[in-house]
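Before any comments, here is the structure.
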2 protein chains.
Amino acid sequence: MSDFLTLGLDIGGTSSRAVVISADGRRHGSGVAGGGNPTTHGPAALKQVATALTDALAAVDPSDVRAATLGMAGYARLNADPQLRSAFDATWAAVGLACPYRLASDVLVAYAAGTSAPDGTVVVAGTGAIAARVRGHELDHVADGHGWLLGDVGSGYWLGREAVRIALADLDRERPPGPLAAAVLRTLLGTDAIATRRRDTAHALVQVINAQPPITLARLAPLVLQRYGADDPAAVDLVQRAAAHLADTVASVRRPDETTPLVRGGGLLTSDTALAGELSAVLGVSWPASTVYAAGDAAAAAAWLALLPHVDDDPASVHRILGLS
Amino acid sequence: MSDFLTLGLDIGGTSSRAVVISADGRRHGSGVAGGGNPTTHGPAALKQVATALTDALAAVDPSDVRAATLGMAGYARLNADPQLRSAFDATWAAVGLACPYRLASDVLVAYAAGTSAPDGTVVVAGTGAIAARVRGHELDHVADGHGWLLGDVGSGYWLGREAVRIALADLDRERPPGPLAAAVLRTLLGTDAIATRRRDTAHALVQVINAQPPITLARLAPLVLQRYGADDPAAVDLVQRAAAHLADTVASVRRPDETTPLVRGGGLLTSDTALAGELSAVLGVSWPASTVYAAGDAAAAAAWLALLPHVDDDPASVHRILGLS
């Protein structure tokens, strides 16, 4: 007797993860490979997806996989690009998969990785930042995620940019750089010594940053979190401002009286970072009757979403067995 | 008997202006041409400089010009680039000039275009924004001017970007767009009608902006000032926030008890714009004992700066005769 299996694929910028599950919530295989988002990394990234899929399918008959969900940032672009779509379909067929698959937003998958409730709110912060209202396991309304130039407030990019702006403000105001500013100078210029003409140091800082893509500023986010851990007032203030911005984005998609689950996802919120702690504190004040959950394994959540239309048992119980709630 | 003449050159992004004066403050010639900054427009822009110089020298013997000052944004880059510098020197010689010239910051020239006092403060807002403390007719300390990615707060770029962010916030918060947001949508998308899926309109707005250089956002500044004129609360708030940012930049370079002149310059502050008015109001509160002057003709101010080491009479009187104070 053949199994009824579903597959979840989480295609991210830095890793691609695949998980195969059965209707009872057991895992039958998993695979991990490098970043595989073809809309940002080009069709060659599909090799990573193929590796993750092949590993996840190693112990099962691919024809037992009856449904699949693919979570990916910019999934709409994959749909809109026939060439990219057929390259993806070729990868799909090459690993022996014949079932239909559904493309989903990574934001929806992050929500499902934190709760099995059909209605709720998700806020994601990594390099960028976005929040969404979910209704019936579908994205209903989305806020921010507008990119570094116009939005992504409270994101890793935003934390990095503001950390540099704090260093520039210290130089402009002829103050000795504070610990966070000094750490920024050391990281970007190799020294926190200030030139005799302070303006030369400011110029050097601006030039180093302008020589790289703006999004590179997100690499300074861990530095901010580290300085927060050292009780540096500038870093604490910055992380609290980021949390307030993220809570404001949440408020764009969530009624004040809402009591549904709140899920926090993305590299800066899934684990117990300083930003996650500050955000949970702010959300707890604005929505005291709600619980904040951390998003878990996105590939397993995608597999669970693929299973959802087919599951006879309690989907919440399968969600728990998968370790997602 | 030959005259003692000096020449002032104001090399901007959109125009190049030259003025020839004598020690008594009389104008002996002037010339205007297109944008001629070789550090941003390339060496070909020097043709514009040559045109402005030729016209300014039409009625004088170029050998009577004994000193010159060139005001230009990024003048340090001209100094640092031997190829560009010799291209400039060739232009200089080709129009018959043999005197030495001094390269000066456009910010210092803007200051001199508003006052003859040796010590004071200047704040400039156009596409970008910068403030400086002046001591003895030299830049002593500069704040902001860090470019659109990291600074230029309160500038034309900043006004434009914030206007778009107001439109995105209305879309995110599922509010009808306010008059400023609607004007932004009409300007950038050709219509202020919102798509059935509001997110589609937000996406379209972000895509239109991402398809152009970020600095292009400065083109929306006149729209903000126009909406301010129509008493649109969002535009009034935005212009007031810009003025507060500029005053904050001024505070980086000016002591609270200082009573020296304050000069406002740049496309958004020289004329009596809404931003100039709001800024003067804020500066008047922070430095009640100081007078705020609008910068006048930058080329004449550059010629006056070139004359300064050579003038026996009262330099303030020459400054007045030139119409700069």
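The values are calculated or read from the model by the stated rules, or taken from the named source; none is laboratory data. Since we're looking at a predicted model, the values are computed, not measured. A quick note on method: Cβ atoms are made from the backbone with ideal geometry, for glycine too, and the neighbour counts reach across all protein chains shown.
Looking across the stretch B:130-141 at every residue that is buried (at least 24 other Cβ atoms within 10 Å of the Cβ) and within 12 Å of chain A (Cβ to nearest Cβ), the one that is farthest from A:Ala247 (Cα to Cα) is identified as B:Ala132. Within the stretch A:204-233, the set of residues being charged (D, E, K, R) and in a helix (DSSP H, G or I) comprises A:Arg219, A:Arg227.
For B:Val285, the test of being away from every other protein chain (no Cβ under 14 Å), surrounded by 19 or more Cβ atoms within 10 Å (Cβ to Cβ) and either farther than 29 Å from A:Gly145 by Cα or of a type in the set (Val, Ile, Thr) (or both) is failed. State which residue is nearest to the other protein chains (Cβ to nearest Cβ) when the search covers only the stretch A:161-191 and only residues that are more than 30 Å from B:Arg255 (Cα to Cα) and of a type outside the set (A, V, I, L, M). Across the stretch A:161-191, the extreme among qualifying residues is A:Thr187.
Note on the stretch A:9-28: residues that are crowded, with 19+ Cβ neighbours inside 10 Å and within 20 Å of A:Arg66 (Cα to Cα) total 10.
Would you mind finding the one in B:Ala98, B:Ala112, B:Ala80, B:Ala125 that is away from chain A (no Cβ under 14 Å), out of contact with any Phe, Trp or Tyr (no Cβ under 7 Å at 6 or more places or on another chain) and over 27 Å from B:Leu220 (Cβ atoms)? First the steps, then the outcome.
Working: B:Ala112 fails: out of contact with any Phe, Trp or Tyr (no Cβ under 7 Å at 6 or more places or on another chain); B:Ala80 fails: away from chain A (no Cβ under 14 Å); B:Ala125 fails: over 27 Å from B:Leu220 (Cβ atoms).
Just a single option satisfies the conditions, and that option is B:Ala98.
Taking the conditions exactly as written (assigned to a helix (DSSP H, G or I) and either at pLDDT 95 or above or within 14 Å of chain A (Cβ to nearest Cβ) (or both)), does B:Leu275 satisfy them or not? Considered against the rule, which asks whether it is assigned to a helix (DSSP H, G or I) and either at pLDDT 95 or above or within 14 Å of chain A (Cβ to nearest Cβ) (or both), B:Leu275 comes out as yes. Against the list (1) surrounded by fewer than 16 Cβ atoms within 10 Å (Cβ to Cβ); (2) away from chain B (no Cβ under 11 Å); (3) of a type in the set (Asp, Glu); (4) in a loop (DSSP other than H, G, I, E, B), the condition A:Asp237 fails is (4). Counting the residues of the stretch B:86-138 that are assigned to a loop (DSSP other than H, G, I, E, B) and more than 11 Å from the chain's Cα centre (by Cα) gives 15. You will find that of B:Ala204, B:Ala230, B:Ala211, the residue that is farther than 15 Å from B:Leu268 by Cα, touching a residue at least 40 places away in the same chain (Cβ under 8 Å) and surrounded by fewer than 17 Cβ atoms within 10 Å (Cβ to Cβ) is B:Ala230 and no other.
Matching residues to (1) free of Cβ contacts under 8 Å to residues at least 40 places away in the same chain; (2) exposed (fewer than 15 other Cβ atoms within 10 Å of the Cβ); (3) in contact with a strand residue (DSSP E or B) (Cβ under 9 Å, 6 or more places away or on another chain); (4) more than 20 Å from A:Ser15 (Cα to Cα):
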{"site": "A:Val49", "(1), (2), (3), (4)": "no, no, yes, no"}
{"site": "A:Leu53", "(1), (2), (3), (4)": "no, no, yes, no"}
{"site": "A:Val60", "(1), (2), (3), (4)": "no, no, yes, yes"}
{"site": "A:Gly71", "(1), (2), (3), (4)": "no, no, yes, no"}
{"site": "A:Tyr75", "(1), (2), (3), (4)": "yes, no, yes, no"}
{"site": "A:Pro82", "(1), (2), (3), (4)": "yes, yes, no, yes"}
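In the stretch A:240-257, of all residues being within 14 Å of chain B (Cβ to nearest Cβ) and part of a loop (DSSP other than H, G, I, E, B), the one that is surrounded by the fewest Cβ atoms within 10 Å (Cβ to Cβ) corresponds to A:Pro256.
Filtering the stretch A:1-14 to residues that are touching a residue at least 24 places away in the same chain (Cβ under 8 Å) and either over 13 Å from A:Met72 (Cβ atoms) or out of contact with any Pro (no Cβ under 9 Å at 6 or more places or on another chain) (or both) leaves A:Ser2, A:Asp3, A:Phe4, A:Leu5, A:Thr6, A:Leu7, A:Gly8, A:Leu9, A:Asp10, A:Gly12, A:Gly13.
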